[in-house]
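As structure tokens, the structure follows; a few thoughts come after it.
Read-outs throughout are calculated quantities, based only on the coordinates presented, and are distinct from any laboratory measurement. Bear in mind the structure is a predicted one, so any value in this text is a computation, not a measurement. Don't worry about glycine lacking a Cβ; one is built from the backbone with ideal geometry, like all the others, and counts go over all protein chains shown.
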Amino acid sequence: MAGEGGERDPGAAASDGPGFPCGLGPLGVPAGEEALYRAALARPGATVAQLAAATGWDPARVRRRALALERWGLLVRLPGRPARFGPAPPGPALEALALRRREEIERARLVAAALADGFRSGGRAVVETFGGGPEAVDRFALRLQASARQEVLVLGAPPPPAAAGPGIRRRAVYDHAWLDSPERLAAAREAAAGLGEQSRVLAEVPMVLLAVDRTTALVRDGATALVLRPSALLDGVLALGELLWERAVPLVPAARGAHGLSDEDGRLLALSASGLTDRAIARRLGVAQRTVERRMRRIMNVLGARTRFQAGLRAAELTRGAGPPDDPRGA
């Protein structure tokens, strides 16, 4: 397989490498990135220059592909200078990629089922376009929330706040970028306190959605919106919402005062849980990478966690009232 500029990537077409008999293409890893991962596996802790020498590429190409491997969890930048890279163990790293690909395939299957459902219905409207401008969409969102009898789910950015009736569960997964302003963060806090909302945050939420009672969903796109009625498409969108909810971390840990956690700590945990590297997190927050590493170490120490994944779980347990970090029930 040809690489950038028509060059052949060393090892790109290899099919007899240890542990990769068919290559990593089915997992969404291009041949060039796979070649770099193989080179890093053979040279743990290698510098950019060493990887460039091993692959025959210029350093800029190595850096670009190393960043992609970092995003996929296959490569880790080690502390210190010059920059060195350590390969993630193939077993768990590739299994995580396989799981992600299975989730993507499942979402595609749900979309295909929705298309088939619409075809069989003979044109029955399961998706309606709602126009009239932002104010009209806001009014519809208020009416939709007022109609809730069991639950309300919010993704991305919140609709105009509306008090839920007694016994109605209200959940929200906010996009980290939406919470960048103090005003929006304050609004999210107010929703959590005043509406009894369970608020979580994720590095990236792919849509702005309001779903009520699992029967109607409003997907916003600027001044217009789509209204989804009961269908396989609505089921698929709600399944995606549940997946995002499970991956997100609490916006406001319930015991942050007692255990030294802040809203900023929750946002940092959310970015880490989303799979971003420390370098990417630092760019998002506008701080140095060492600051991110230092804050993560402090958070893990406060929560009594040995890994970042465990720290996210402990934060969620605090929000649910599962006890302090040293409580055996939260282990």
Inset, instruction - Pop out the ³J(HN,Hα) list for segment 210-227 in order, Karplus 6.51 cos²θ - 1.76 cosθ + 1.60 with θ = phi - 60°, rounded to Hz; leave Gly and Pro as x. - result: 10, 10, 10, 6, 6, 10, 9, 9, 10, 9, 8, 9, x, 7, 10, 7, 10, 10
Inset, instruction - With a ≥ b ≥ c taken as the square roots of the eigenvalues of the C-alpha gyration tensor of segment 22-83, please select rounded if a/c is under 1.5 and otherwise prolate if a/b is larger than b/c or oblate if it is not? - result: prolate
Legend entry - Sites Arg294 and Leu142 - FRET efficiency at Förster radius 51 Å, r taken between beta-carbons, to 0.05: 0.70
Inset, instruction - Report, by chain and number, residues whose modeled amide H sits under 5 Å from the one on Val173, excluding near sequence neighbours (fewer than 5 apart, same chain). - result: Val154, Leu155, Gly156, Arg200
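If packing is taken as the average number of other Cβ atoms within 10 Å across a peptide's residues, how do 44-55, 202-213 rank, most packed first?
Put in order of decreasing packing, that is 202-213, 44-55.
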Legend entry - Computed label-point distance, nm, for sites Ala49 and Ala83 using a 7 Å Cα→Cβ extension: 1.5 nm
Inset, instruction - May I ask you to sort Ser181, Ser147, Ser199 by Cβ crowding, counting other Cβ atoms within 10 Å and putting the fewest first? - result: Ser181, Ser147, Ser199
Legend entry - Label-point separation in nm, Arg71 to Glu135, each point 7 Å along Cα→Cβ: 4.1 nm
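Order by neighbour count: Phe85, Phe130, fewest other Cβ atoms within 10 Å first, most last. Write down the numbers at each step before the final one.
Values: Phe85 26, Phe130 15.
The fewest-first ordering by Cβ neighbours comes to Phe130, Phe85.
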Inset, instruction - Extending each Cα 7 Å along its Cβ direction at Glu95 and Asp235, get the distance between those two points in nm, one decimal. - result: 3.0 nm
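Can you tell me the relative contact order of segment 142-192? Whole percent, Cα pairs under 8 Å, sequence separation 6 or more. Write out the running numbers ahead of the final one.
Details: 53 pairs, mean separation 17.3, N = 51.
Relative contact order here is 34 percent.
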